[in-house]
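> Right, I'll just put the structure down here and ask away after.
What follows is calculated from the coordinates using simple rules that are stated; it is not laboratory data. None of the values given here were measured: they were computed from a predicted structure. A quick note on method: Cβ atoms are made from the backbone with ideal geometry, for glycine too, and the neighbour counts reach across all protein chains shown.
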Number of protein chains: 2
Amino acid sequence: MIRNSLTDVFFTKDDVENLHEGVLRVLSEVGVKIENDEALEIFKQHGARVEDGTVYIGEALLNKALETVPANFELQGFDRTVQVGLDHDPVVIPTNGTPLVLNFDGSYSDTNTDDLVNFYKLIDTSDVMQVTSEIAVDVPGLDKTKDSLLAQTALLMKYSHKPIYNILGATIHNYKKGSVAQGVRENIQFAKKYYGYDDKYVIYSGTCVISPLGVGWEAMDHFMGFIKENQPISITACSMTNLTAPGSLYGSVVEDAAAILSIVVLSQLMNPGLPVLYTSLSSMSDMRYVQLCMGAPEFALITLGHIALANFYKIPVRVGGALGDAFKTDYQAGVESFVGLMAPMLSQAAMIPHGCGTMGSFNLTSYEKFIMDEETIRYLMRLRRGFEVSDKRKEKALKDITKVGPRGNFLGGRTPKEYREDNYLASEVFNRKGCKENTREEQGDIRDRAKKVYDARMEAYELPDTTLEQKKLLNTELPEQYKFDL
Amino acid sequence: MIRNSLTDVFFTKDDVENLHEGVLRVLSEVGVKIENDEALEIFKQHGARVEDGTVYIGEALLNKALETVPANFELQGFDRTVQVGLDHDPVVIPTNGTPLVLNFDGSYSDTNTDDLVNFYKLIDTSDVMQVTSEIAVDVPGLDKTKDSLLAQTALLMKYSHKPIYNILGATIHNYKKGSVAQGVRENIQFAKKYYGYDDKYVIYSGTCVISPLGVGWEAMDHFMGFIKENQPISITACSMTNLTAPGSLYGSVVEDAAAILSIVVLSQLMNPGLPVLYTSLSSMSDMRYVQLCMGAPEFALITLGHIALANFYKIPVRVGGALGDAFKTDYQAGVESFVGLMAPMLSQAAMIPHGCGTMGSFNLTSYEKFIMDEETIRYLMRLRRGFEVSDKRKEKALKDITKVGPRGNFLGGRTPKEYREDNYLASEVFNRKGCKENTREEQGDIRDRAKKVYDARMEAYELPDTTLEQKKLLNTELPEQYKFDL
């Protein structure tokens, strides 16, 4: 197992305290604008200064709230649970909300409901993903359903054995029966009813703050609904340097941390002990093109800053992912996936959103990249397991080296246990067969190898074994073409 | 700047001492087989036990030799010097000795002298490479030259402003005038004469030990020649787990470290203060295909083990590179380059061999991957520069955030200094222009973007401004078609 966190390569203890001081000053001197009167009232009741819709949070109130944030929690899925938090390896979860898909034939198309189902199957059969979620929302194919908010949640639940993350927020477009606040709660209650638990965490969700230092009304309805329904929330910042954050990485991190912490504090004031996830997907902008760069080294650096801070606050942190700016599964995509994954994979991160398949600066999800990113995650899992140094390893190595001697060879007999433990044998997605002409021909293109894996997984997929009652419940909301045939 | 080494993520101090104990036991209990009587005699004179061609080195002799290993040294090129060592950033150097090239049109062909020249130009115009070297040796196109050893050195020198690394060893095939030992020394003297220095390090070189724990006679002639001519040496291990090293990473590292250290000790006994580089390119083998895997996470782990040990011994270490097992510049190639480069780039490594363009498990050098790997190195250089946390950054961020306030925006006025310092703007090789249909079309394929960069560099290349005397000297050895027209 890794001995220290990758954050230690980039930050000393003093650095983290310096960042924390910056966060405190932003929280107490600049404040966070929150578009929800009930929330502002709660802050006021707990002694925070509130002026013109902006809340100013002091160190004492922050510390009080941090005391009740759980270090770990359990998510309940259809037939399994997943442990999340400071004492566990990072839980990898899928991408959310990209408008386009990159198809195996190289074409780009709008994400539709069939894509959703394909990805739900892919996620459900993935050995690296533990949680599922909508990979896109409000997509074509849902138009005819009466209420697409619940339809999409039903679709996600129908195809998933794994716990669900619900990126989908209620909006005035996807929920028409009542207010957005009502929609959020009806959606949660629908999930509770389907899973049959009122007291477990069966759905967790989050949404974005608006950088700098704002939380909009729809986001607030979303957070308030989850807090009241006692389901975990994730609070996400996604800022761009020199546009919605200062030009420096320092400024980016302290600004976003303050915004995230304001909702962390609120959650604990309203519902002490509610699991919260501190999420950042902030990165640099390339001012030449006014573009958010999700494959940049600065993305890893900003992510590491947030991990260091969240670890300091002891809040489970949800960061990073196989993101990037490439729009093909090319060399750049490989580098970028590694850049975005290494920070959380080699640190104490609780969750990794956008774990597989995202690219094109959040605009694109790629089938083949999903499969390739799984292998990159396995590589990083191997790195996370570390380099075993122990007296056991020493004695066995000395014994073998002595036996073989100079110029000898270690082959022969059974493959030793330590070889199997220390050497990860890659999946067929990555070439390991050498570079001779015949192996080049045999191995072909990585995109074809990914397609093979995809086909096998689609073949192997099985629906969760729902009860008749569950099927009937889902049918009340599922889009017509995805209803169970009862 | 990074605050700590990536080795600290994987090893505690105790771990490194444990590895060191393993190394000592291998050195003193198993020994290293050295095929050179003169070397064995020198070991004996300094009190080492020598039996049947195997030398056993104890802790005292090792420590005595380590005392005189220079922490830093300077390489002299045609018109510039390069600082190498523990107090400097890693020096990136090119690949060596791959038999095949991957051409821009996707074809594979045997590396020939025209490829050498193309790559020398590419290396010479590279902003990330500080040293040049033969990218392949004994290639077609040299056959007609009377002595290809000196011909190849002449070719390398003709095209290079940068200091040279001479992977080429004298062999019975490329040097016919006398013994291999003589060939090594004539080659060095040729370089000294060309550069006009007898007292500077104008050529450095290294070769491989034979794992486990052997150094062959040709390699010994090579090392002895460089030690006697007072030019730096690099001692390279390249073992495979479970084949030429034990199955565990622990065994791999301690075995190779012992072999490398035996030549480090010899160099200091013969020529105290001679610069030496501790080099490992060892990795895991995939026993399913009996393949050396140069893109595996275990390559990074083994590399980090060697960096930790070499740092412990205070020997400049030369490790890692943009290696890999992919044979196309695909997603796998990107991941693998990052895996192989991150260990030295985020640690205290002195040099990174195989910095750009290598793939196919050491069999292949790719033009386009060279260009792409340069960008990956720039990404890692940005990571190495770290995340600036300082009171200056804090005060500026607070000032900006206060001025802008919640929901404001930071754009406007001149781009602030800290944006320019903290945000690296990628080269055109990587897409940064977004993922809309028009930018996708404009950006096209990364391979075409790499080709554009290549063409511009070939265009911009200029030969070193050699004197008539230098030209005449080179002409005595250059292959016919590369001679200066005098």
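> From other protein chains only, count the Cβ atoms within 10 Å of every residue's Cβ in B:295-301, then give the mean.
6
> Just which residue of chain B brings its Cβ nearest the axis of rotation onto chain A, and by how many angstrom, rounded whole?
In residue-and-Å form, the answer is B:G334, 1.
> In addition: Would you mind computing, in nm to one decimal, how far apart the modelled labels at A:K451 and B:S390 are, each placed 7 Å from Cα along Cα→Cβ?
Computed distance between label sites A:K451 and B:S390 equals 5.3 nm.
> Place the label 7 angstrom along Cα→C-beta at B:S427 and in each other copy, then list the distances from the first to the rest in nm, shortest first.
Values, ascending and in nm: 3.2.
> Would you list A:T402, A:T236 from fewest to most Cβ contacts within 10 Å?
A:T402, A:T236
> If one takes the longest principal axis of the Cα atoms in chain A, at what angle in degrees, from 0 to 90 and to the nearest 10, does the Cα axis of helix A:391-404 lie?
Compared with the principal axis, the helix lies near 20 degrees.
> Rounded, prolate or oblate for region A:267-325? Axes are the square roots of the Cα gyration tensor eigenvalues, ordered a ≥ b ≥ c, and the cut-off for rounded is a/c under 1.5.
Prolate, because a/c is 1.5 or more and a/b exceeds b/c.
> Once all Cα-Cα distances of region B:372-486 are split into 10 Å bins that start at 0, what whole-number percent is in each one?
Calculated P(r), rounded to whole percents: 10, 21, 22, 21, 14, 7, 4, 0.
> Given 0.36 nm per residue, what is the gain on full extension from A:E437 to A:R420 after removing their alpha carbon distance, in nm?
3.2 nm is the gain from fully extending A:E437 to A:R420.
> Something else about it: Ratio to report: Rg/Rh of region B:201-261, with Cα atoms as the point set and Rh obtained by the Kirkwood method; give two decimals.
Expressed as Rg/Rh, it is 1.06.
> Then there's this: Per DSSP H run of at least 4 residues, take -39500 (n - 2.57); add these up for the protein assembly as shown, divide by its residues and hand me the 222 nm value, nearest 500 deg cm²/dmol.
Value at 222 nm, helices only, nearest 500: -13500 deg cm²/dmol.
> Taking 8 Å as the Cα distance limit and 6 or more residues as the minimum spacing, I'd like the relative contact order of chain A as a percentage.
Normalised by residue count, the contact order of chain A is 19 percent.
> Another question, then. Determine the equivalent ellipsoid of region A:71-131 by diagonalising the alpha-carbon gyration tensor, then write out the semi-axes as square roots of 5 times the eigenvalues, largest first, rounded to whole Å.
Rounded to whole Å, the semi-axes are 29, 12, 10.
> Sticking with this one: Measuring nothing but label to label, 7 Å from Cα along Cα→Cβ, what are B:D485's distances to the other copies in nm, shortest first?
B:D485 label point versus its equivalents elsewhere: 8.0 nm.
> Just counting partner chain Cβ atoms within 10 Å, what average do the residues of peptide B:315-325 show around their Cβ?
Other-chain Cβ atoms within 10 Å of each residue's Cβ, averaged: 1.
> Still on this structure: Which value in Å is the Kirkwood Rh of the protein assembly as shown over different Cα pairs?
One decimal place: 29.6 Å for the Kirkwood radius.
> Moving to a separate point now. Just to be sure I understand the curve: with the Debye formula and one point per C-alpha of region A:287-402, what is log10 I(q)/I(0) at q = 0.12, 0.13, 0.19 Å⁻¹?
-0.50, -0.56, -0.92
> For the pairs B:K146/B:K192; A:K176/A:K471; A:K121/A:K436; A:K328/B:K417; A:K452/B:K436; A:K146/A:K192, flag any whose C-alpha to C-alpha distance is greater than 26 Å.
Exceeds cut-off: A:K121/A:K436; A:K328/B:K417; A:K452/B:K436.
> Taking Cα centroids, how far is region B:132-161 from region B:428-486 in Å?
19
> Report the full-extension gain for the segment B:K177 to B:Y108: residue separation times 0.36 nm, less the Cα-Cα distance, to one decimal in nm.
Here the segment from B:K177 to B:Y108 would lengthen by 21.4 nm.
> Would you list, by chain and number, the aspartates and glutamates whose Cα falls below 16 Å from the Cα of B:K228, excluding same-chain residues fewer than 8 positions away?
Within reach: B:D37, B:E38, B:E41, B:E186, B:D198, B:D199, B:E218.
> Roughly speaking, what % of Cα-Cα pairs in region A:62-383 are separated by over 39 Å, rounded to a whole number?
Tail fraction, whole percent: 5.
> Related question: Less than 20 Å apart at the alpha-carbon level, and either on another chain or at least 8 residues along: which lysines does that give for B:K13?
A:K13, A:K392, A:K394, B:K314
> May I ask for the net charge around B:F73, where only other residues with Cβ less than 14 Å from the Cβ of B:F73 are counted and Lys, Arg are +1 while Asp, Glu are -1?
Summing Lys/Arg as +1 and Asp/Glu as -1 gives 0.
> Now for a different question. Can you give me the angle between helix B:148-158 and the longest principal axis of chain B, using Cα atoms only, in degrees from 0 to 90, rounded to the nearest 10?
30
> Taking a point 7 Å out from Cα toward Cβ as the label site, list the nm distances between B:D105 and the same residue in every other copy, smallest first.
Nearest to farthest, the other copies are at 3.0 nm.
> So how tilted is helix A:180-195 from the main axis of chain A? Cα-based, degrees 0 to 90, rounded to 10.
The angle comes out at about 50 degrees.
> Within the set of other residues whose C-beta is less than 15 Å from the C-beta of A:P406, count the net charge using Lys and Arg as +1 and Asp and Glu as -1.
-2
> Please figure out what share of the DSSP beta bridges in the protein assembly as shown is antiparallel and state it in percent, rounded to the nearest 5.
Taking every DSSP beta bridge within the protein assembly as shown, about 40 percent pair in antiparallel fashion.
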